[in-house]
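Visitor: Dumping the structure here so I can ask a few things about it.
What follows draws every value from the coordinates through simple rules; no lab data is involved. The structure presented is a predicted model; accordingly, all values stated were derived computationally and were not measured. Cβ placement follows ideal geometry from the backbone for every residue including glycine, while neighbour counts extend to all protein chains displayed.
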Ligand code: MN
């Protein structure tokens with residue numbers, strides 16, 4: 001079992017000035033809070049955090065990471081809180097531990113689909129924020145995989161799957177070859193036990209057969225390089241079962257046909273010598289065409305650098321050779337973690353790796369990391385700088401089926417709806433996030449489960465453009481608005497043309513059928529007759545211009561029989577539909593109620609609140625309920641009154657108790673064409689209080705009548721209730 005002293009020694013070996021007391025303190029604290037807990041293996045729980053811290057120390061990470069390794073399960077599994085840890089170890093470590101805890105609470109559902117797994121990996125990175133959270137999580141996973149034997153078979157399978165789909169690729173992305181290989185190989189043993197055992201045996205057998213051959217090849221290469229004055233570390237290594245299995249799959253061949261089960265590696269001390277060594281090996285044995293890869297000049301996105309070649313070696317056997325510098329080797333094994341190491345080695349390494357444009361786009365977050373690293377020389381400073389939101393541009397949210405969608409940061413349920421399908425976007429009326437109804441402008445967060453509510457009668461609204469983030473949603477909404485505007489303009493244009501033609505005893509349809517409208521359209525610069533009629537409806541072309549274009553020049557002079565058509569009237573006719581009187585973020589048929597507290601009328605400035613299961617409640621902006629409510633529940637609403645819409649309003653009139661006052665007040669309402677639906681009078685001494693309920697069309701009408709009532713002699717005040 002690993003002991004605290006082993007970890008302290010390890011940290012002291014690479015850290016010039018380590019805070020060992022902090023690590024000791026974390027150990028004592030972890031031991032205290034995990035006291036009495038056991039691992040599935042029956043060992044004290046503390047063994048696990050110790051091993052995780054040990055792995056982190058092996059990666060030569062900073063004290064904060066090692067301390068986080070010791071504390072990583074305390075928030076999740078003990079009574080410890082983030083606040084307590086912040087108090088004892090500072091906010092930085094508290095954030096790291098909290099980050100690891102949050103990651104652990106997510107289990108990857110259905111990761112087998114490639115896209116899904118990719119998104120999940122991204123989400124894990126996005127949620128980690130500080131990359132050290134990922135490194136601790138990977139160390140945690142590494143130790144859990146080492147001890148997977150003690151878990152139940154079904155858990156073994158699930159954990160191994162998740163490791164294969166999420167964590168091994170993540171380690172690979174981070175360039176941590178050693179961690180990646182270990183995670184993959186262990187997961188492979190649980191996912192395909194028969195293949196793993198079988199391959200391990202065959203590989204071992206092959207290695208025994210080839211023992212002499214390996215020694216021979218290593219000897220020849222070393223000798224040749226030495227003869228040219230190149231000191232080199234040459235080795236032959238047997239490949240791991242999973243990597244061999246993957247190759248068999250890729251090539252669709254059996255084990256016997258896999259040639260390069262043994263790989264050779266040459267480590268030299270400079271980039272120049274990498275190429276020199278390559279030349280020497282190619283002079284010695286014939287290279288296999290198409291198998292040479294220069295990852296030194298063009299590193300892999302995860303910063304991996306090496307020269308790869310395959311040659312036809314002694315006895316006609318193909319052998320695979322990798323050539324790299326010590327620095328490249330270290331980066332290949334440790335990846336991102338290598339940046340935290342307190343490196344004393346100077347020079348010798350490869351130049352700063354460049355990413356290709358394509359890779360850079362695909363691995364933007366990694367590039368960012370590499371750039372940070374390049375800008376700062378002091379690894380400690382790098383540590384500080386790297387506390388960035390690596391995926392600041394994206395959020396990852398779940399569909400109801402558990403699929404993950406990547407959305408731009410700030411995306412709303414409307415963006416999500418359009419991302420699912422244009423039809424869903426065209427008809428969305430609301431969204432549920434994690435089961436709760438939210439306004440359409442609500443901003444989605446990482447890990448949210450999003451469900452879209454649709455209605456066949458709902459359509460996009462212009463307001464949506466003010467908050468959608470995706471260009472797809474924007475384009476679709478604009479397209480809908482354009483079509484809708486065209487449709488309405490056409491409808492209005494037709495009515496206007498119809499009306500004016502009727503004055504001559506003519507009908508529009510005749511002109512449409514004869515093609516004369518189309519011709520008139522072209523004459524006036526429009527593609528079709530419909531476009532011309534739409535332009536009339538839109539107001540770009542006057543009905544008179546249209547008539548002039550359609551009617552013969554020498555025809556009867558127009559004799560207006562009716563007053564000129566009134567646009568507003570026609571608009572009203574076209575748009576006449578009874579409604580709730582309010583437009584919710586542009587949606588027509590959302591269930592709308594009015595707040596009893598403030599009882600808004602058209603003309604009042606209003607705001608809506610999403611109420612769970614009860615649609616939207618509309619209040620005046622000045623209402624006290626508005627000030628009390630949370631901002632997230634608010635939705636934009638606008639008045640959208642059609643026909644003779646009326647709102648019932650409660651008024652209180654206070655006046656002197658004198659005979660006939662109520663009659664005078666009633667008369668004032670009558671004159672303003674306002675119905676009183678209820679009235680009650682209370683008297684107190686000289687004063688009378690009239691409580692009235694009246695139905696008004698809008699604020700203008702209401703304030704008008706209130707002013708009139710106020711002017712009645714004997715009335716002291718009029719107020720809305
Ligand atoms: Mn753990």
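Visitor: Just check segment 210-335 against the gyration tensor rule for me: Cα atoms, a ≥ b ≥ c as the square roots of the eigenvalues, rounded for a/c under 1.5, and otherwise prolate or oblate depending on whether a/b exceeds b/c.
Guide: Judged from the Cα gyration tensor, segment 210-335 comes out oblate (a/c at least 1.5, b/c at or above a/b).
Visitor: Determine the principal axes of the Cα atoms in segment 4-192, then give the extent along each, sorted from largest to smallest and rounded to whole angstroms.
Guide: Extents along the principal axes, in whole Å: 45, 33, 31.
Visitor: Looking at segment 210-335 only, what percent of DSSP beta bridges run antiparallel? Nearest 5 please.
Guide: The answer is about 75 percent antiparallel.
Visitor: Dimensions of segment 647-720 along principal axes (Cα, Å, largest first)?
Guide: Taking the Cα atoms of segment 647-720, the three principal extents are 35, 20, 17 Å.
Visitor: Same structure, new question: Using the Cα atoms of segment 466-506, I'd like the radius of gyration and the largest Cα-Cα distance, Dmax, both in angstrom.
Guide: Here Rg and the maximum Cα pair distance are 16.8, 53 Å.
Visitor: Got the relative contact order for segment 164-320 handy, in percent, Cα pairs under 8 Å and 6 or more residues apart?
Guide: For segment 164-320, the relative contact order is 20 percent.
Visitor: When 308, 315, 619 are ordered from fewest to most other Cβ atoms inside 10 Å of their Cβ, what list results?
Guide: Ranking 308, 315, 619 by Cβ neighbours within 10 Å, fewest first, gives 315, 308, 619.
Visitor: Within a 10 angstrom radius of the beta carbon, how do 706, 151, 328 rank from fewest other beta carbons to most?
Guide: 151, 706, 328
Visitor: Provide the gained length on full extension for the span residue 472 to residue 294, in nm with one decimal, where the gain is 0.36 nm per separating residue minus the Cα-Cα distance.
Guide: 60.1 nm
Visitor: Kirkwood Rh over Cα pairs of segment 479-550 into Stokes-Einstein at 10 °C, 1.306 mPa s: D in µm²/s?
Guide: Translational diffusion coefficient: 135 µm²/s.
Visitor: So what's the gap between the Cα centers of segment 689-721 and segment 399-427, to the nearest angstrom?
Guide: Comparing the Cα centres of segment 689-721 and segment 399-427, I get a distance of 48 Å.
Visitor: With label points built 7 Å along Cα→Cβ from the Cα atoms of residue 3 and residue 104, find their separation and express it in nm.
Guide: The modelled label-to-label distance comes out at 2.6 nm.
Visitor: Taking just the alpha carbons, could you work out the radius of gyration and Dmax for segment 389-519, both in angstroms?
Guide: 21.1, 72
Visitor: Just subtract the alpha-carbon distance of residue 644 and residue 194 from 0.36 nm times their residue separation and send over the number in nm, one decimal.
Guide: Gain in length upon complete extension: 154.2 nm.
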